[in-house]
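S.K.: Quick one: the structure is below, questions incoming.
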Amino acid sequence: MTELQVKEYPTQPLKCWEQAKNIRKNYYEDYLRAHEKGGLRWAGGAWTFSAIPAGLGEDVYCVTGEPYGATVAFFKDFAAKCHDATEAAGFPRTLCAYMRNYWGSILLDKYILTDGTVVDGYPVPDFIWQDHICCSHGKWYQLVKWLEKKRGKEVPMYCVDVSVGYPTDSDIEEYKVNYIVGQLNDGIEWLEKVTGRRYSDQLLCEAVWNEIKATSLWAEICALNQAVPAPLDEKTMYSLYVMGTLMKHKPECVSFYQTLRDEVKERVRRGIAAVPHERYRVITDTQPPWGFLKIFREMEKYGAVSVGSLYTFGLIGMWEYKPDGTWSPRSIPPQKPQTREEALRAIVEWTMHKPEWAHFYLPEVKTKMMTDIVKQWKVDAVLLHYNRGCEGLSLHIAENRFGLIQAGVPVFPFEGNMGDERDFDFAGTLARLTAFFESVGLKKLKE
Amino acid sequence: MITAGVDVGAKFAKVVILRDGQVVARAKALVGFDVLKSASEVFETALKESGLSRSEVQKVVATGMGRNAVLQKPPINADEAVSEVVADAAGAHQVVPTVKTVIDVGAEEGRGIKVEGGKVKDFVINERCAAGAGTFVEAMARALEVNVEDMGALSLKSANTIPMNAQCCVFAESEVVSLIHSKISKEDIAKAIHDAIAGRISSMVLRVGVERDVVLIGGVALNPGFKPPLEKELHASIIVPEFPEFVSALGAAVIAANPTR
């Protein structure tokens, strides 16, 4: 095939890549070995108020469910065993794929590390600290508790109800904040009771402040991707945003995002591209099919780069509309909280502005955020993943498609599943993606 | 200028040769296990019909799911490959210049394409199962013990409506067997099958919207039993051009003649 001549940008690997790999590796190993170090283990979702258990001490380690489910999905052989185990236990394959991967891991009594090493004996948490963000999250750990009980382990569980909607105005109503803060106050008493530990408000304040800084920093990093050429591609961003889903309240996360932010700024200054032949910019939506990230490499053959998504930007990153109408990183509060009450109010007010809430409540708000990303990040088209593995984030996605089309944005929808490879047709999706690229006038640069 | 379009589909390979925008030859044959060999034989037949040699054809564009099998491979040596969606749009525009919506139903795949001036504006393709495509009719014809060519005419003899599932070939076949055991007439079952396919295709096409003129192409367009229920589902009259199964190959030939289009 004749190679088309297009502009080639300089590119280079991220310097902090190894650091990112090590942080993630240590995170899963720390959870596994927490008891050997005299520490505590807890389990819960990536959206949960993870800064709250941090008040129990610096030797408290968690593993968050969704990233763990995604890690399982990446290793397809292990994922297949997890699916078999959950289906054999009577759970339907239409349930949340992360949840099924997680349950499967418990049912198999095996734990997987980031390099694919499968360890015998699933590490039982000392307690579960969860919040109800969607119908699956409401049941996820209830079933974990039940599965552990069947193995003779009693795991106490606390759940926070966060169903107060998404604040479209800049401020969230006081009564909604009070409702969640009240549950967190009760939760702290519950944590002291079930662990027998004395709770430190000072550690809580540190953790809350870390979380606010880390999530604002991630948004700042994503905003740098407005540059042409994009300094980061979304496939790489998946390995970086994950720190925020694992340990957004930890100083390591803040420190890593500061390092990354500085490096990405430098890449923008020097015009370093993630994809050397960038000539068509797309964004995606919702979690990708984790077992098939190679689809991003196929896109690069057309000079197409995914510069992110509302999901990658807003699952962890905190954003707001500025007076000039731009969607920008959320300004952090003027000062660090000093008391338990201040810390709880600060983290609730901050967290409830997470853009991803709009998925559940207000499709038109999500569409507006997506169209604003299209404008600000100079995006040519949107690839929408109709993700059969996640009811929550797929909710209203067809409405988002209509909204984007009405706004004049080319949209390519494809069906798949973030965590169950049986629901993703790689060859078929690639054929349709090829047709889409051809329909917008792109030709393959090289094989 | 002399160009050719080669559409290597799931079941048939089709070739159209154009001389200055006019069709001078068409040929088609079943695709065998050796895709290149089958397509090459069809290409050779078309060359014979046109009285041309391969060297006189200035550019060849391939399309269809087997397009890469003939790309830069002798004896066809297609210069370029384009997706079915792009070829369908160009071909439909060639035969019906006012076309805004193209519906292509082939052996394994159904497509709905929104078109403007022969260019694709939006499109949708059925996912995974061929339940809404030609293979489905073939499978159901086997279950009914009727020649597939007779299925359309048979369905037009019925005025009854029997609900049927067209989401899965396997389940639908079981349903047909149940209907046979329930003493439902072959005419009624044949109509139910066509209604089901029309329902499935229309729900897919409606995702991109239906705007007149609507053109139906692909092998299934030859089936007289399919157009009436599809028109009913879409609330739109449908144009079936002459030689609907060659429209994609024609589009590829048109693209070959107009590389900058």
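Each reported figure results from applying straightforward, stated rules to the coordinates on display, with no laboratory input. Remember, it's a predicted structure, so these values are computed and weren't measured experimentally. Neighbour counts are summed over all protein chains in view; Cβ atoms, including those assigned to glycine, are modelled from backbone coordinates with ideal geometry.
S.K.: Leaving out same-chain residues fewer than 8 places away, which lysines sit with a Cα under 29 Å from that of B:LYS232?
M.R.: Here the lysines satisfying the reach criterion relative to B:LYS232 are B:LYS11, B:LYS100, B:LYS114, B:LYS119, B:LYS121, B:LYS157, B:LYS183, B:LYS186, B:LYS191.
S.K.: Please arrange A:ARG93, A:ARG279 by how many other C-beta atoms lie within 10 Å of their C-beta, fewest to most.
M.R.: Ascending number of Cβ neighbours within 10 Å: A:ARG93, A:ARG279.
S.K.: Sticking with this structure for a sec: Within the set of other residues whose C-beta is less than 13 Å from the C-beta of B:LYS28, count the net charge using Lys and Arg as +1 and Asp and Glu as -1.
M.R.: -2
S.K.: Separate question: Normalised by the empirical 2.2 N^0.38 Å for globular proteins, what value does the Cα Rg of the stretch A:187-319 take? Kindly include the intermediate steps, with their values, before the conclusion.
M.R.: Numbers: Rg = 17.8 Å, N = 133, 2.2 N^0.38 = 14.1 Å.
Cα Rg divided by the expected 2.2 N^0.38 Å: 1.26.
S.K.: Which of A:ASP324, A:ASP380, A:ASP201 ends up with the largest GNM mean-square fluctuation for chain A, with Cα atoms connected below 10 Å?
M.R.: A:ASP324
S.K.: Pull up the cross-link candidates among the aspartates and glutamates for B:LYS73, meaning alpha carbon to alpha carbon under 19 Å and not fewer than 8 places away within one chain.
M.R.: A:GLU3, A:GLU447, B:ASP7, B:ASP34, B:GLU41, B:GLU44, B:GLU56
S.K.: Please give, to one decimal in nm, the separation of the simple spin-label points placed at A:SER170 and A:ASP109, each 7 Å out from Cα toward the Cβ.
M.R.: A separation of 5.7 nm, rounded to one decimal place.
S.K.: Out of the stretch A:165-214, which trypsin sites (Lys or Arg not before Pro) are coil in DSSP terms and have no more than 13 other C-beta atoms within 10 Å?
M.R.: Details: sites: A:LYS176, A:LYS193, A:ARG197, A:ARG198, A:LYS213; in loops: A:ARG197, A:ARG198.
In loop regions of the stretch A:165-214 (DSSP not H, G, I, E or B), the sparsely surrounded trypsin sites (Lys or Arg not before Pro) are A:ARG198.
S.K.: Could you tell me the relative contact order of the stretch A:17-439? Use alpha-carbon pairs under 8 Å, at least six residues apart, and round to a whole percent.
M.R.: Reported relative contact order: 18 percent.
S.K.: If you build the convex hull over the alpha carbons only and average its shadow over all orientations, what do you get for the protein assembly as shown? Give it in nm² to one decimal.
M.R.: About 33.7 nm², averaged over all directions.
S.K.: Report, in debye and to the nearest 20, how large the dipole of the stretch B:97-240 comes out about its Cα centre when Lys and Arg carry +1 and Asp and Glu carry -1 on their Cβ. It would help to have the intermediate numbers written out before the result.
M.R.: On the way: 16 positive and 19 negative charges, 67 e Å.
Charge dipole, the stretch B:97-240, about its Cα centre: 320 debye, nearest 20.
S.K.: Dividing the convex hull volume of the alpha carbon atoms of the stretch B:1-153 by its residue count, what do you get in Å³ per residue?
M.R.: Dividing the Cα hull volume of the stretch B:1-153 by its residues yields 128 Å³.
S.K.: With N residues in the stretch A:17-439, what two-decimal value do you get for its Cα radius of gyration over 2.2 N^0.38 Å?
M.R.: On the way: Rg = 20.7 Å, N = 423, 2.2 N^0.38 = 21.9 Å.
My calculation over the Cα atoms of the stretch A:17-439 gives 0.94.
S.K.: Largest first and in whole Å, give the semi-axes of the stretch A:11-113's equivalent ellipsoid, each being the square root of 5 times a Cα gyration tensor eigenvalue.
M.R.: Ellipsoid semi-axes (Å, largest first): 25, 20, 13.
S.K.: I need the fraction of alpha carbon pairs in the stretch B:77-152 separated by more than 16 Å, rounded to a whole percent.
M.R.: 58
S.K.: Shifting gears a bit: Answer with one residue from B:SER53, A:GLN19, A:LEU404: the one whose Cα lies farthest towards the positive end of the charge dipole of the protein assembly as shown, charges on Cβ with Lys, Arg +1 and Asp, Glu -1.
M.R.: Sorting the options by dipole projection puts first B:SER53.
S.K.: Who wins for biggest fluctuation among A:GLY392, A:GLY182, A:GLY69 in a Gaussian network model of chain A, springs between alpha carbons below 10 Å?
M.R.: Greatest mean-square fluctuation among the candidates belongs to A:GLY182.
S.K.: Relative to the compact globular guide of 2.2 N^0.38 Å, what is the alpha carbon radius of gyration of chain B, as a ratio?
M.R.: Its radius of gyration relative to the 2.2 N^0.38 Å reference: 1.01.
S.K.: If you add up the charges near B:ALA46, with Lys and Arg at +1 and Asp and Glu at -1, over every other residue whose beta carbon is less than 11 angstrom from its beta carbon, what do you get?
M.R.: Neighbour charge sum, excluding B:ALA46 itself: +2.
S.K.: Please identify, among B:ASN223, B:ASN68, B:ASN160, the residue showing maximal mean-square fluctuation in a Gaussian network model of chain B using a 10 angstrom Cα cutoff.
M.R.: B:ASN160
S.K.: I would also like to ask the following. Sticking with the crude label model, points 7 Å out along Cα→Cβ, report the distance from A:ASP380 to A:SER200 in nm, one decimal please.
M.R.: Each label point lies 7 Å from its Cα, and together they span 5.3 nm.
S.K.: What dipole magnitude, in Debye to the nearest 20, does the protein assembly as shown give about its Cα centre under +1 on Lys/Arg Cβ and -1 on Asp/Glu Cβ?
M.R.: Here the size comes out at about 860 debye.
S.K.: Still on this structure, I have one more. Give me the orientation-averaged projected area of the Cα convex hull of the stretch A:76-160, in nm², one decimal.
M.R.: Dividing the Cα hull surface by four gives the mean projection, 5.7 nm².
S.K.: For the stretch B:97-240, build the convex hull from the C-alpha positions and give me its volume per residue in Å³. Spell out each step's value before the answer.
M.R.: Values: hull volume 13.1 nm³, N = 144.
Per residue, the Cα convex hull of the stretch B:97-240 comes to 91 Å³.
S.K.: Towards the positive end of the charge dipole of the stretch A:17-439, with charges on Cβ (+1 Lys, Arg; -1 Asp, Glu), say which of A:VAL177, A:PRO337, A:PRO67 has the farthest Cα.
M.R.: About the Cα centre, the residue reaching furthest to the positive side is A:PRO67.
S.K.: Related question: Quote the Stokes-Einstein diffusion coefficient, in whole µm² s⁻¹, for the stretch B:172-222, based on the Kirkwood radius over alpha carbon pairs, a temperature of 20 °C and a viscosity of 1.002 mPa s. Kindly include the intermediate steps, with their values, before the conclusion.
M.R.: On the way: Rh = 12.9 Å.
Approximately 166 µm²/s, per Stokes-Einstein.
S.K.: Let me ask something additional. Rank A:ALA207, A:VAL307, A:ALA273 by how far each Cα sits towards the positive end of the charge dipole of the stretch A:187-328 (+1 on Lys, Arg Cβ; -1 on Asp, Glu Cβ) and give me just the farthest.
M.R.: A:ALA273
S.K.: In chain A, what % of DSSP beta bridges are antiparallel (nearest 5)?
M.R.: Beta bridges within chain A, antiparallel portion: roughly 20 percent.
S.K.: Which links in A:LYS301/B:LYS28; A:LYS76/A:LYS149; A:LYS37/A:LYS235; A:LYS37/A:LYS193; A:LYS81/A:LYS145; A:LYS265/A:LYS443 stretch past 24 Å when you go from one Cα to the other?
M.R.: Check vs 24 Å cut-off fails for A:LYS301/B:LYS28; A:LYS76/A:LYS149; A:LYS37/A:LYS235; A:LYS265/A:LYS443.
S.K.: Treat every Asp and Glu Cβ in the stretch A:17-439 as -1 and every Lys and Arg Cβ as +1, leave all other atoms uncharged, and give the resulting dipole magnitude about the Cα centre to the nearest 20 debye. All intermediate terms of the calculation are to be shown ahead of the outcome.
M.R.: Values: 49 positive and 56 negative charges, 133 e Å.
Dipole about the Cα centre, nearest 20: 640 debye.
S.K.: Ok, one more. Starting from the stretch B:1-72, pick out the GluC sites (Glu not before Pro) whose DSSP state is loop and whose Cβ has at most 10 other Cβ atoms within 10 Å. Walk me through the intermediate numbers first.
M.R.: Details: sites: B:GLU41, B:GLU44, B:GLU49, B:GLU56; in loops: none.
Qualifying residues, ordered by number: none.
S.K.: Based on the Kirkwood radius over alpha-carbon pairs, what value in µm²/s does the Stokes-Einstein equation return for the translational diffusion coefficient of the stretch A:252-296 at 4 °C and 1.567 mPa s?
M.R.: Values: Rh = 13.3 Å.
My calculation gives 97 µm²/s for D.
S.K.: For the stretch A:18-126, run through the GluC sites (Glu not before Pro) and keep only the ones in DSSP coil with at most 13 other Cβ atoms within 10 Å of their Cβ.
M.R.: Passing sites in the stretch A:18-126 are A:GLU58.
S.K.: Using square roots of five times the C-alpha gyration tensor eigenvalues, list the equivalent-ellipsoid semi-axes of the stretch A:338-447 in whole Å, biggest first.
M.R.: Taking √(5λ) for each Cα gyration eigenvalue gives 33, 18, 13 Å.
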